[in-house]
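Visitor: Below you'll find the structure I mean.
Rule-based calculations on the coordinates, nothing more; no lab input. Nothing here was measured: the structure is a model prediction, and the numbers come from that model. In this analysis, Cβ positions are derived from the backbone assuming ideal geometry, glycine residues included, and neighbour counts consider all displayed protein chains.
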Amino acid sequence: MSNPVDMHTIMAATVHDVKNALSLIDNELREVIDSIHEREPDSTLKLNRLRLEAGRINNDLVHMLGLYRMNTDTFRPDFDEVLIEDVIHDATSRYQQTLESLGIHLGIELEDPDIAWVIDPVLIEGVLANILTNSIRYTKDRLDFRAFMADGGLCITLTDNGEGYPAKMMNFMSETPNQGELSFQNGSTGLGLYFCQQIAQLHRQGDAEGYIKLTNHPEHGGAVFTLWLP
Amino acid sequence: MELNQSLNKKFLLIDDFSNVRKSVKGMLNSLGVSHVSEASNGTEATKSVRDQTFDVILCDYNLGKSKNGSQLLEEWRTRGWLSYQTVFVMITAETSRDFVMGALEFQPDDYLAKPFAMDTLQNRLDRWLDRQSALGPINQALDRKDYPALAKAAREVMETKPRYRGWAQRKYVEALFHQGQMTEAAHFLQALLDKRDLPWARLERHRIDVQEGKLEAAERGLKTLIMLQPNMVEAYDLLADVQMQIKQPEKAQETLSQALVRSPRNIARQRVFAGLASDNGDHVAATRAYKEIVSLADGTMHESSRGYKDVLRSTRTQLQSLDDDALKRRLQKDAQSLLKKLIKQYPDEPDTELFSKAYRAYLADAGDAESTDRVFLESVAEAAREHMGDLGEDSALDIVDILYEKGLSKEADALVEELRQYHKESGNFVKRLNQLQAEPITQEARRHAHKVNTEGIELYKHKDYQAATKLFEDALKFSPRHPGIILNFVQSSLLLMGQTRVSLSQLDRCLDIVNRLNYLPADHYQYERYTSIRDKVIALHAKVKHEQPS
């Protein structure tokens with residue numbers, strides 16, 4: 001397949017097809033959960049984990065297609081001024097049910113509920129949803145989104161109260177800043193984070209460029225994902 | 001608060017699947033919405049929208065065989081059937097979201113990807129109703145098209161409701177545009193852009209640049225904007241407009257073709273592109289675009305006989321410059337089937353009747369024996385002269401052109417003469433008629449003739465009458481009726497004979513050729529030159545014939 005347009009069409013068609021199938025699976029799972037969740041809490045829990053995995057496959061596909069298009073220079077961001085509250089809600093609302101059944105509390109706190117920012121809302125929603133589905137697997141019982149202004153830009157953080165990022169992962173981010181190099185050493189998590197980093201970097205204002213950062217909370221040691229956008 | 005807010009709101013749910021409607025209605029009910037009307041197709045939905053006012057419309061994009069959601073929205077907005085106070089939400093299959101978002105001129109207020117969970121619906125519902133109440137005065141002003149009120153309402157939202165500031169800013173600029181307050185709009189946009197880069201504000205500022213004639217600045221700025229925001233199709237439209245104004249029609253065509261790759265379903269853009277392609281001599285692209293328009297318009301408010309006529313006209317132009325017989329046959333076959341559809345779908349339009357008769361004769365389908373007879377075309381010419389009032393300008397030119405092409409020059413000239421009288425107030429149309437009569441030939445041939453003629457004029461200036469005459473004669477082969485070329489040929493021939501020797505046969509030829517201009521109307525700008533040269537030829541001819549009675 002030497003023609004890049006052909007390859008792109010094939011990938012896009014495949015991704016769309018799989019995504020459709022996944023959303024069907026997700027929908028069916030949700031209906032089953034609705035009908036059994038009172039009688040069979042254990043099975044409900046398992047089904048909710050399945051829904052999460054379906055969500056992860058979905059995210060991975062989006063990343064793969066997105067990175068491919070970035071590579072072939074056919075990736076087209078669409079910037080617009082949007083309400084950050086809406087973007088966070090759009091990224092989280094479809095996981096509400098799963099979070100509840102897993103006993104995870106999701107907090108959303110905005111320094112100012114009226115913050116509007118120039119971003120590609122679809123891409124940023126994807127970044128936040130991606131980080132959320134990952135954090136659900138590692139947190140104990142809390143996830144907190146915060147949005148506030150910092151260093152002349154917009155900062156969105158997601159903090160969990162799990163064990164925190166392993167040192168290796170935090171290094172992965174600091175070792176390859178802006179190099180556009182992908183390391184698969186750390187398994188699948190690398191791809192998602194790499195994609196998030198690329199999305200952040202697409203956001204520019206003057207000389208400033210967006211970035212992501214992985215740290216652990218200084219007090220309770222939970223993982224803190226930071227997205228900064230100029 | 002949200003529950004109370006939604007209690008008395010009226011919803012309309014449009015989806016072609018009853019089980020989908022049932023499930024969404026169930027969700028809405030459990031969120032406290034009790035007034036939910038349903039529609040299963042475009043016709044039902046349109047009826048509901050015209051009969052009642054809704055607070056929120058949830059419309060599935062794909063409605064089966066009926067018009068799709070965006071076609072409904074376009075029609076309702078254009079005809080003023082949908083209040084701006086109604087929140088219109090497009091429901092799309094998740095994967096088609098990009099497609100729908102990029103492709104539409106008439107933007108819905110929101111999109112919802114399906115399937116959606118109850119939590120998502122609740123979340124959005126709060127958002128829609130909050131926005132509807134916060135922006136009430138703006139939307140009322142939009143409904144009334146009251147732009148001073150719109151400006152005032154938008155200003156107020158900007159100052160008091162930071163949440164909707166960005167949205168109100170756009171409406172404010174829109175209000176200023178409608179009131180012609182360009183300087184104020186420019187200042188306002190510049191102040192926004194000084195704070196931060198906003199793609200929409202950049203586009204609007206360049207729109208003002210174009211209005212003020214700052215074409216170079218607009219061209220530069222729009223190119224940068226497109227580089228940064230390649231999905232912003234309106235920027236391509238504006239850039240193409242600039243490129244047409246600075247006389248770069250090929251570049252304008254290229255720009256629009258890029259916009260069409262991103263958003264192919266816009267009929268207005270397709271039409272501008274087709275016109276440009278046609279002017280640029282790219283008849284393949286023009287025909288393709290006109291065909292696309294016919295298929296996009298199918299079943300929508302845009303459907304009309306015009307679309308078919310455009311394709312047929314463009315195909316005919318394309319056929320004139322084709323050598324490939326197989327391709328010619330295929331195009332002819334396509335055209336024949338389009339012509340049949342045109343005749344079937346628009347039986348009561350007098351213009352269409354004359355137009356399609358002429359095209360039947362032109363396409364000369366072997367199965368349509370009547371149309372291949374010369375008498376048939378003569379009757380078309382006759383009918384056209386009798387019904388000039390029914391005949392649109394483009395169709396009239398088509399008929400004249402086809403008459404010339406089929407060798408009925410006398411009938412064509414007669415029709416042109418009467419059309420010229422009938423439309424004498426319309427200078428532009430008369431000009432096109434004159435041009436057609438002078439050069440009833442293909443654009444390719446026209447272009448070639450002009451090129452050769454220009455070369456001839458250069459040689460003529462250097463007094464090389466021999467070479468010049470040869471080139472003018474060459475040009476006449478491509479454009480046998482063009483006044484300028486005819487007169488150049490005759491004038492150059494006369495001077496050549498002055499340099500060398502006078503030949504009766506050459507004078508005969510000159511007389512023949514100059515007589516081709518018998519049709520020239522007295523107000524034609526070449527008329528005086530024509531009569532003076534003609535008289536010279538006649539005088540010389542008589543003199544030589546007298547001297548050389550061979």
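Visitor: Give a quick list of trypsin sites (Lys or Arg not before Pro) in segment B:458-550 that DSSP marks as loop, anything other than H, G, I, E or B, with at most 16 other Cβ atoms within 10 Å. Intermediate values should be presented prior to the final figure.
Guide: Numbers: sites: B:K461, B:K463, B:K470, B:K477, B:R481, B:R501, B:R509, B:R516, B:R529, B:R534, B:K536, B:K543, B:K545; in loops: B:K463, B:R481, B:R501.
The qualifying sites are B:K463, B:R501.
Visitor: Helix-derived [θ] at 222 nm for chain B: sum -39500 (n - 2.57) over DSSP H runs of at least 4, divide by residue count, nearest 500?
Guide: Details: 29 runs with 385 residues, N = 550.
Estimated from H runs of four or more residues: -22500 deg cm²/dmol.
Visitor: Amide H to amide H under 5 Å from B:D146: which residues, 5+ apart in sequence or cross-chain, H placed 1.01 Å off N in plane?
Guide: Close amide H contacts, sequence-distant or interchain: none at all.
Visitor: Across segment A:113-118, in residue order, what do the Karplus-derived ³J(HN,Hα) couplings come to in whole Hz, using 6.51 cos²θ - 1.76 cosθ + 1.60 with θ = phi - 60° and x for Gly and Pro?
Guide: With the stated coefficients, segment A:113-118 comes to x, 9, 4, 10, 9, 7 Hz.
Visitor: Could you tell me whether segment B:349-440 comes out rounded, prolate or oblate from its Cα gyration tensor? Rule is a ≥ b ≥ c as square roots of the eigenvalues, rounded for a/c under 1.5, then prolate if a/b exceeds b/c, otherwise oblate.
Guide: On the way: a/c = 2.11, a/b = 1.60, b/c = 1.32.
Because a/c hits 1.5 or more and a/b exceeds b/c, segment B:349-440 counts as prolate.
Visitor: With θ set to phi - 60° and the Karplus curve 6.51 cos²θ - 1.76 cosθ + 1.60, what are the ³J(HN,Hα) couplings of segment A:80-96 in order, to the nearest whole Hz, using x for Gly and Pro?
Guide: Along segment A:80-96, the couplings run 7, 8, 9, 6, 5, 4, 4, 5, 5, 5, 4, 6, 9, 4, 6, 9, 3 Hz.
Visitor: While we're here: Expressed in nm², what is the orientationally averaged projection area of the convex hull enclosing the Cα positions of chain B?
Guide: Values: hull surface 133.9 nm².
Result: 33.5 nm².
Visitor: Which of B:K451/B:K545; B:K114/B:K223; B:K171/B:K195; B:K145/B:K223; A:K19/B:K22; B:K251/B:K328 have a Cα-Cα distance over 26 Å?
Guide: On the way: B:K451/B:K545 35 Å; B:K114/B:K223 36 Å; B:K171/B:K195 19 Å; B:K145/B:K223 33 Å; A:K19/B:K22 24 Å; B:K251/B:K328 28 Å.
In this structure, B:K451/B:K545; B:K114/B:K223; B:K145/B:K223; B:K251/B:K328 exceed 26 Å between Cα atoms.
Visitor: Please list, in chain and number order, the residues 5+ apart from B:L112 or on another chain whose amide H is under 5 Å from its amide H, with Hs placed from the backbone.
Guide: Placed amide hydrogens put B:M90, B:I91, B:T92 under 5 Å from B:L112.
Visitor: Can I ask one more? Output the antiparallel fraction of DSSP beta bridges having both residues in the protein assembly as shown, as a percent to the nearest 5.
Guide: On the way: 26 of 51 bridges.
Around 50 percent antiparallel, to the nearest 5.
Visitor: For B:K406, enumerate residues with amide H under 5 Å from its amide H, sequence gap 5+ or separate chain, H modeled in the peptide plane.
Guide: Long-range HN contacts for B:K406: none found.
Visitor: Per residue of A:79-90, how many C-beta atoms from partner chains lie within 10 Å of its own C-beta, taken as a mean? It would help to have the intermediate numbers written out before the result.
Guide: Values: counts 8, 6, 11, 2, 7, 0, 2, 5, 0, 0, 6, 5.
Going residue by residue through A:79-90 and averaging, the value is 4.
Visitor: Please label the shape of segment B:2-134 as rounded, prolate or oblate, based on the square roots a ≥ b ≥ c of the eigenvalues of the alpha-carbon gyration tensor (a/c under 1.5 means rounded; beyond that, a/b larger than b/c means prolate, else oblate). Please report the intermediate quantities before stating the final value.
Guide: Working: a/c = 1.34, a/b = 1.22, b/c = 1.10.
Note, shape of segment B:2-134 comes out rounded.
Visitor: Over all pairs of distinct alpha carbons, what does the Kirkwood formula give as the hydrodynamic radius of the protein assembly as shown, in Å? Provide the component values of the computation, followed by the final result.
Guide: Numbers: mean 1/r = 0.0317 Å⁻¹.
Hydrodynamic radius (Kirkwood, Cα only) of the protein assembly as shown equals 31.6 Å.
Visitor: Just tell me how shielded A:93-100 is by partners: mean number of partner chain Cβ atoms within 10 Å of each residue's Cβ, no decimals. Show your work: numbers first, answer last.
Guide: Working: counts 9, 7, 3, 6, 3, 1, 1, 1.
Other-chain Cβ atoms within 10 Å of each residue's Cβ, averaged: 4.
Visitor: Now for a separate question. Shielding by partners for A:118-128, please: the mean number of other protein chain Cβ atoms within 10 Å of each residue's Cβ. Walk me through the numbers on the way to the answer.
Guide: Numbers: counts 6, 0, 2, 0, 3, 0, 0, 0, 0, 0, 0.
Across A:118-128, the average partner-chain Cβ count within 10 Å equals 1.
Visitor: Give a residue-ordered list of calculated ³J(HN,Hα) values for segment B:47-53 (Karplus: 6.51 cos²θ - 1.76 cosθ + 1.60, θ = phi - 60°; whole Hz; x for Gly, Pro).
Guide: 4, 4, 5, 7, 7, 9, 10
Visitor: Which peptide among B:135-146, B:63-74 comes first, and what is the full order, when sorted by highest mean count of other Cβ atoms within 10 Å? Show your work: numbers first, answer last.
Guide: Numbers: B:135-146: 17.1, B:63-74: 20.4.
In descending order of packing, they fall as B:63-74, B:135-146.
Visitor: Over the Cα atoms of segment B:393-548, what radius of gyration and what Dmax do you get, in Å?
Guide: Rg then Dmax for segment B:393-548, in Å: 16.6, 52.
Visitor: Nearest 5 percent is fine: what portion of the DSSP beta bridges confined to chain A is antiparallel? Present the calculation step by step, with values, prior to reporting the outcome.
Guide: Working: 26 of 32 bridges.
Beta bridges within chain A, antiparallel portion: roughly 80 percent.
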